[in-house]
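Let me begin by presenting the structure, written as structure tokens, before commenting on it.
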């Protein structure tokens, strides 16, 4: 597993450990229980399928600090390393965490993060076919739950932090903000089920998503779920403001969850799980 120290990675490590599955995590540098990605080698010998969960990527918030050229070069180096690894060691299954930003298909000069994610979708699709490996790609839009990182960058994380700090829930956007959340645990469980179940398609790309929630309703749900309905919600509305709509088409994911008998985590429980990891 690459990106083992991140949000999805830490969740995946815990789920696999609880199931007794041997897991080897890699990140940008070694730390307790995690290896340096630059030193990734062959899978250890053993029985059962070998799965690669590729979650490593410099997120778009790192762009300003690194600059365009270094940001692109670093992410390309990560992808290249793992594409070479797939070609050499031919895992049985591969999961790639893409992003909803890839769907916009914007030029790399305008959106390096989204463009690189789209290139990964294409490159790892070809690599999986060449290695005869089953592939699942999730375009991740909005997730919630334990091990959230950089919560201030996300609407849900920011609202939950406000409650935990006993502060008003401040919504800066004056127009509608539409989101669709899934629990990080549900996503990881679904991907693992898809990679090991018999008689499944060789390749599948799907969006994360469930029901739509507007950020004002999300703020209200956060207050209720965390027992702080007394905290005010501060927001200035402008009927002419642009709508922010960052939602995937969750139809395929919903069908997959039903197929594997995974009950989606309610928004209320997603909020509580997010809060627990921030306490």
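Brief remarks on what is shown
- Angle in degrees between helix 267-278 and the longest Cα principal axis of the chain, rounded to the nearest 10: 80
- Degrees separating the helix 184-196 axis from the principal Cα axis of the chain, which is the longest one: 30
- With respect to the chain, whose longest principal axis is taken over its alpha-carbon atoms, helix 7-18 is tilted by about 60°.
- Estimated [θ] at 222 nm from DSSP helical runs (n ≥ 4, -39500 (n - 2.57)) normalised by residues in the chain, nearest 500: -12500 deg cm²/dmol
- Over the stretch 1-157, the alpha carbon radius of gyration divided by the compact-protein estimate 2.2 N^0.38 Å works out to 1.03.
- A protection proxy built from the mean count of other Cβ atoms within 10 Å ranks the segments 84-91, 193-200, 41-48, most packed first, as 84-91, 193-200, 41-48.
- Rounded if a/c under 1.5, otherwise prolate or oblate - the stretch 160-279, Cα gyration tensor axes: oblate
Rule-based calculations on the coordinates, nothing more; no lab input. Here the structure is a predicted model, which means the values were calculated and not measured. Note that we place each Cβ from the backbone using ideal geometry, even for glycine, and neighbour counts take in every protein chain shown.
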